[in-house]
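Single-structure report; data block below.
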Amino acid sequence: MVDIKLLEHLEGYLTENRLERFHKVLDQRTKHFTVATEDVYQLHNTSAVIRSCDVFGIQEVNIVEEQNTKRIDREIAMGAQKWVDLNRFHTVKDSIKDLKSKGYQIVATTPHINDCDLSDFDVTKKSCFFFGRETEGLSDEVLQQADAYLKIPMVGFTESLNISVSAAIILQHVTSKLKKTVVNWQLTETEKLEKRLDWCKKTIKSYDEIVERFYLAKS
């Protein structure tokens, strides 16, 4: 439960432009779609995917580090890790279990016998898009557990795209299409309040001291 009085007090430390930006961005945020990266080796690829999620309004990113454990490249993510929520998993199995418990269908982004072209993808279904390793692609576990398979149509000699490019193309398409539907894709009011408080914490330098003084004044 968010303390509304505290939130209003904290937001008084923000500039009018920053506060307006928070509200504007939150109105475009969604958990209807999420993204998962599986053991991506190149650090800049995971960071770039996080940046794309922020750009296209995806609030949560799931990072599976079963084989490769890396820190997020702050420079490439360009601060995006502050604004999206990162869920980290040590195994693919745990990530899929968690995502399915939240109502997500698992979408493997890879050419497959039962694949679907991006233009034909049903955006009304709550979905997690899985992106695999640079050379090997997605693991057998993801391919076997997937509820759907998605591909980006290509007409050149090259048969694949960098995962960060693939993520950007897919997210731009599905989020644009989603907003034209009647699906209730936005964050709940409670989720928006929680993110406003979280973003205040990540923005205000003297956050802890301000909170302490606020509650001392009330006691």
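Here are the numbers for this structure:
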quantity	calculated
Spin-label model distance (nm) - residue 188 vs residue 101, 7 Å beyond Cα toward Cβ	1.7
Packing-based ranking, highest mean first, of 9-15, 184-190 given that Cβ atoms within 10 Å are counted	9-15, 184-190
Chain lengthening between residue 21 and residue 216 when straightened (0.36 nm per residue, less Cα-Cα)	67.2 nm
Whole-angstrom Cα spans of the stretch 115-219 along principal axes, big to small	67, 35, 27
Gain on full stretching of the segment that runs from residue 161 to residue 206 - 0.36 nm per residue minus C-alpha separation	11.9 nm
Fully extended contour minus Cα-Cα distance, from residue 93 to residue 117, at 0.36 nm per residue	6.0 nm
Computed [θ] at 222 nm, helices only, for the chain once each DSSP H run of length n ≥ 4 contributes -39500 (n - 2.57)	-13000 deg cm²/dmol
Prolate/oblate/rounded call for the chain, Cα gyration tensor, a/c under 1.5 rounded	prolate
Sequence of 35, 165 when ordered by accessible area, the most exposed leading, probe 1.4 angstrom	165, 35
Candidate lysines - alpha carbon under 25 Å from residue 5, same-chain residues fewer than 8 apart omitted	24, 82, 192, 195, 201, 202, 205, 218
Packing-based ranking, highest mean first, of 51-62, 194-205 given that Cβ atoms within 10 Å are counted	51-62, 194-205
Accessible-area ranking of 119, 127, largest first, probe 1.4 Å	119, 127
Protein accessible area in the stretch 95-167, 1.4 Å probe - carbon and sulfur %	49
The stretch 178-219 - accessible surface per residue (Å², probe 1.4 Å)	71
For the stretch 111-117, 3J(HN,Hα) per residue [Karplus equation, 6.51 cos²θ - 1.76 cosθ + 1.60, θ = phi - 60°, Hz, x = Gly/Pro]	x, 8, 4, 10, 6, 10, 5
Share, in percent, of DSSP beta bridges within the chain that are antiparallel, nearest 5	10
Computed FRET value (nearest 0.05) for residue 82 with residue 143, which takes r as the C-beta separation and R₀ as 35 Å	0.60
Probe 1.4 Å, all protein chains present, accessible-area order of 18, 133, largest first	18, 133
Value of Rg/Rh across the stretch 160-217 [Cα atoms, Kirkwood radius]	1.24
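The values are calculated or read from the model by the stated rules, or taken from the named source; none is laboratory data. Here the structure is a predicted model, which is why all the values come from computation and not from measurement. A quick note on method: Cβ atoms are made from the backbone with ideal geometry, for glycine too, and the neighbour counts reach across all protein chains shown. With ligands, DNA and RNA removed, areas are computed over all heavy atoms of the protein, side chains included. Shrake-Rupley method; radii C 1.70, N 1.55, O 1.52, S 1.80 Å.
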